[in-house]
1. Based on the Cα coordinates of the range 272-421, what is the per residue volume of their convex hull in Å³?
2. Once you order the gyration tensor axes a ≥ b ≥ c over the Cα atoms, which shape class does the range 105-159 get: rounded for a/c under 1.5, otherwise prolate or oblate by comparing a/b with b/c?
3. Which of the residue pairs LYS110/LYS558; LYS322/LYS361; LYS284/LYS456; LYS394/LYS426; LYS358/LYS394; LYS86/LYS110 have a Cα-Cα distance greater than 24 Å in the structure shown?
4. So for the range 47-103, considering every pair of alpha-carbon atoms, how many percent are separated by more than 17 Å?
5. To one decimal place, what Kirkwood hydrodynamic radius in Å is obtained for the range 320-380 from all pairs of distinct Cα atoms?
6. Taking 8 Å as the Cα distance limit and 6 or more residues as the minimum spacing, I'd like the relative contact order of the chain as a percentage.
7. State the three equivalent ellipsoid semi-axes of the range 20-179, derived from the C-alpha gyration tensor as the square roots of 5 times its eigenvalues, in descending order and whole Å.
8. If you scale each eigenvalue of the Cα gyration tensor by 5 and take the root, what three semi-axes come out for the chain, rounded to whole angstrom and sorted largest first?
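The numbers here are math on the coordinates, done by the rules we state, and not lab data. As the structure is a computational prediction, the values presented were derived from the model and not from experiment. Every residue, glycine as well, gets a Cβ built from its backbone with ideal geometry; the counts of neighbours run over all protein chains shown.
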Amino acid sequence: MRVQSVIVFFSIVLFYNSCKNQEEAQYTQAEITEASASLNSWFDTKFDEDVAQSPQWQTSLGLKTNYGKWDDISSDQMAEDLKQAKARLDYLESEVDLAALDSVTQISYKLYKLNLENEIEDYEYRFYNYPVNQMFGLHASVPAFLINKHRIDSVADAKAYISRIKGVKPLFTELRNQLGIRETNQIVPPKFVLDRVLEDSQNILKGQPFDESSTQMPILADFQSKVEALDIDTETKAILLQEANQALKDSLQPAYEELITFIESQKVRATTDDGAWKFPRGDKFYAIALNRATTTEMTAEEIHQLGLDEVERIHTEMEAIKDQVGFDGSLQDFFEFMRNDEQFYYEDSDAGRAAYMKEAKRIIDAMRARLDELFITKPKAEIVVKRVEAFREKSAGKAFYNSPAPDGSRPGIYYANLFDIKAMPKYQMQALAYHEGIPGHHMQLAIAQELEGIPKFRKFGGYTPYVEGWGLYCEYLPKEMGAYEDPYADFGRLAMELWRACRLVVDTGIHDKKWTREEGIAYYKDNTPNAESDCIKMVERHIVMPGQATAYKVGMNKILDLRAKAEKALGETFDIREFHEVVLGQGAVPLSILEEMIDDFIAEKQKA
């Protein structure tokens, strides 16, 4: 009976392979090329349609169409987006034959289809977010967008800037409407979030033209500096400046004041419950959030346990460094030493912050000089290092990266937040720069934008475990190159990896196990050397972005696992530069697709 089953099984396999080969053979190479080109053209057309619906995206891409407008954030637009997604999915399923496409376009098909399916499924949870919070939101992104992305190269650009200032009032009217809809659906931020939003919003209304202080509010200062740089007459500059002043007082100021009034009112009704479990169907929402964040089927419990295991492993490696530097005491004592000893921090002054920025630039430049050791393809776009602007530095993350404009008009930006100098120790500087800058996000995101032969939605899209997994992998990669300059810098690398492992524990703790904000903060303080301000910010980030922070460690582990798999299979023929070429050569992809790509790479190398 068993032999017969085996024979039947292999007969089925042979029949399937025969059918598959016949199916593949029904298309000539010319037909495959034509079908692939047609679908890629469709992808780019749909991408252009999406960009055309978003004035802010157009500006981010370096375009000046709809230059004086903001995006539509209304529920009507959400419904239109859903209708559009369903129509596009129907087209892919009914009009496109996967077998008629080349291998690269097949990946594009799978990714686009997955994106549409996720968008349709996620519509049920479209209000399960906080449109304003301490991490992001229009109250902070409006000034950041104008300052960092709205270029003024002409009088018309300046008038578009003024038009955007005038547009803040209707934009914030819809924002308040969206906040009200969420409250009706029992989606209200915890009290502390509203406190942060109030503080940031009130900060925007400080300075000229809103009061008699000697300094200008950030948007006015930015507008004036950009207009002053124009090659136009003084009278025109004065007129533009007056129009901007008036727009700020007539539109932006009342917009923020009305938002502040709304937030103060909502704060009275808010609670201190922190996790997504408090939402209607919160357990299902969080499971989906984890799926989107990791592109895996890992459960909250599996992610939580992975975090606990990784924390234990990294603590062991830290013990070895503690012993190496001759520290006498427990690991907790060592953490306390690293937190508080003055040798590990720049001076809390303008000079100290300038010294930090100078060193950050040096680290980036030193790694840039060694890129040929790791990569075949390198980005054309430049990268600069900047401090987070004063108006948002108190609530912004400690470091982050902004992609360059595709047309080369804006470089990639590695932002360092120096509001709390004690949260930016010297021993973490290298790992932080490697993650956010080179060889981390700049290599990955800038290269993706510059890729040829893939549709635009893949050049500018992203999957968090791939993007952030790469960033975390790039903290580890320089260790293999001997780039970390002393044991303390290597400890800083481990401290940052430990931080991401703790994220797995705390994110699932808050949203699945009903931990409080205070329990999350305590876990970070007990298990990491980070400053208390770091611990507070991270827990508050978990609370407003359920699942997102789990992506980093899951993604890093997958990239390392795939690299180990390739090294084992290829032996002496393994080339780290070729491996990185495959990882970065198709833009961001889900981890399952990345594994398929590495398997294909291994198979092709073995054939060769």
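1. Numbers: hull volume 35.9 nm³, N = 150.
Hull volume normalised by residue count: 239 Å³.
2. Working: a/c = 3.68, a/b = 1.57, b/c = 2.35.
It is oblate, given that a/c is not under 1.5 and a/b is not larger than b/c.
3. Where the Cα-Cα span goes over 24 Å, the pairs concerned are LYS322/LYS361; LYS284/LYS456.
4. Values: 863 of 1596 pairs.
The proportion of pairs with Cα distances above 17 Å equals 54 percent.
5. Numbers: mean 1/r = 0.0670 Å⁻¹.
Computed over Cα pairs of the range 320-380, the Kirkwood hydrodynamic radius comes out at 14.9 Å.
6. Working: 780 pairs, mean separation 95.2, N = 608.
It rounds to 16 percent for the chain.
7. Working: eigenvalues 296, 83, 27 Å².
Working through the eigenvalues yields semi-axes of 38, 20, 12 Å.
8. On the way: eigenvalues 315, 215, 136 Å².
One finds semi-axes of 40, 33, 26 Å for the chain.
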